[in-house]
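Take a look at the structure set out below.
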Amino acid sequence: MNQDSNFNQLFVPPSQRDRYQGTLNAPVILVEYGNYQCPQFREMHQLIQAIVQDFNSRLSEKNSICVVFRHFIEDSIYPQAQKAAEAAEAAGAQGQFWQMHEMLLTHQEALGNGYLVEYANNLGLDICQFLQDIFKQVHVDRINQDIASGQQSGVVTAPALFINGIRYRGRWNMEQLMAAIIAASNEVP
């Protein structure tokens, strides 16, 4: 058995503590590791969103794919990613995680503190609560748990993707990713 093989497996399985879209008992579960400042993560996420939409439009069962997002931040490469992650989690505490997630990815080049407050305001969040969460670093433990779970699974850089617990190492294009997801959905008993 090759020593690298445990780095192809997702160490921490998806659970209720995760940020996810869909249901955790879906036949295909995609776990994304990324951060809001990484251009490759934005591309991967857009690809996955397109594939999920395509799957859901073709299948009668709408919850055939669950997408889990976990933070993976490399401070030296992406200095604004940590604050952006905290902003997403602060928005999540107010029930707006995915809205903030999309906004941060859309405005990836503008992640300074002023912009984060502007995005929170655009989403109608309680700004005092939002700022207090960030100032007190309320969500740092959750973010660090995501990073640790990625490291345990062999993730060293974002983006990384696991399909049904197995690391995806193919190309980031529609055809190959779609083929891998279809293969995973066909493996489900």
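Could you go through segment 78-93 and let me know if any residue there is part of a helix (DSSP H, G or I), small (Gly, Ala, Ser), open to solvent by less than 60 Å² (accessible area, probe 1.4 Å) and out of contact with any helix residue (DSSP H, G or I) (no Cβ under 8 Å at 6 or more places or on another chain). Yes, the conditions are met somewhere in segment 78-93. Test Gly165 against the stated conditions and say whether it is under 16 Å from the mean Cα position of the chain (by Cα) and within 30 Å of Asp54 (Cα to Cα). In short, yes. Residues in segment 55-90 that are among the β-branched types (Val, Ile, Thr) and more than 21 Å from Asp141 (Cβ to Cβ) were compared, and the one that is modelled with the lowest pLDDT is Ile77. Every test in (1) touching a helix residue (DSSP H, G or I) at 6+ places or on another chain (Cβ under 7 Å); (2) within 10 Å of Tyr36 (Cα to Cα); (3) at pLDDT below 95 is passed by Asn113 save one, and that test is (2). Picking from residues in segment 91-120 that are aromatic (Phe, Trp, Tyr) and touching a residue at least 24 places away in the same chain (Cβ under 8 Å), the one that is nearest to Ile143 (Cα to Cα) is Phe97. When Arg42 is tested against (1) surrounded by fewer than 20 Cβ atoms within 10 Å (Cβ to Cβ); (2) without any contact (Cβ under 8 Å) to a residue 24 or more places away in the chain; (3) in a helix (DSSP H, G or I), just one condition goes unmet, and that condition is (2). The residues of segment 166-175 that are over 17 Å from Tyr33 (Cβ atoms), open to solvent by less than 80 Å² (accessible area, probe 1.4 Å) and either in a helix (DSSP H, G or I) or touching a Phe, Trp or Tyr at 6+ places or on another chain (Cβ under 7 Å) (or both) amount to a single one, Met174. All of (1) open to solvent by less than 10 Å² (accessible area, probe 1.4 Å); (2) over 28 Å from Gly124 (Cα atoms); (3) not aliphatic (A, V, I, L, M) hold for Gly34 with one exception: (2).
Determine whether segment 46-54 contains at least one residue that is in a helix (DSSP H, G or I), open to solvent by 60 Å² or more (accessible area, probe 1.4 Å) and at pLDDT below 90. Yes; the residues of segment 46-54 include at least one that is in a helix (DSSP H, G or I), open to solvent by 60 Å² or more (accessible area, probe 1.4 Å) and at pLDDT below 90. Among the residues of segment 139-159, just one is open to solvent by 80 Å² or more (accessible area, probe 1.4 Å) and outside any helix (DSSP H, G or I), namely Val156.
In segment 94-108, the qualifying residues are those that are in contact with a helix residue (DSSP H, G or I) (Cβ under 9 Å, 6 or more places away or on another chain) and part of a loop (DSSP other than H, G, I, E, B), and the one that is nearest to Glu32 (Cα to Cα) is Gln108.
If you take the residues in segment 109-129 that are in a loop (DSSP other than H, G, I, E, B) and not charged (D, E, K, R), which one is surrounded by the most Cβ atoms within 10 Å (Cβ to Cβ)?
That would be Leu125.
The values are calculated or read from the model by the stated rules, or taken from the named source; none is laboratory data. Note that the structure is a prediction, hence the values are computed from the model and not measured. Cβ: placed from backbone, ideal geometry, glycine included. Neighbour counts: every protein chain shown. Just so you know, the surface numbers come from the protein's heavy atoms only, side chains and all, with ligands and any DNA or RNA stripped out. Shrake-Rupley method; radii C 1.70, N 1.55, O 1.52, S 1.80 Å.
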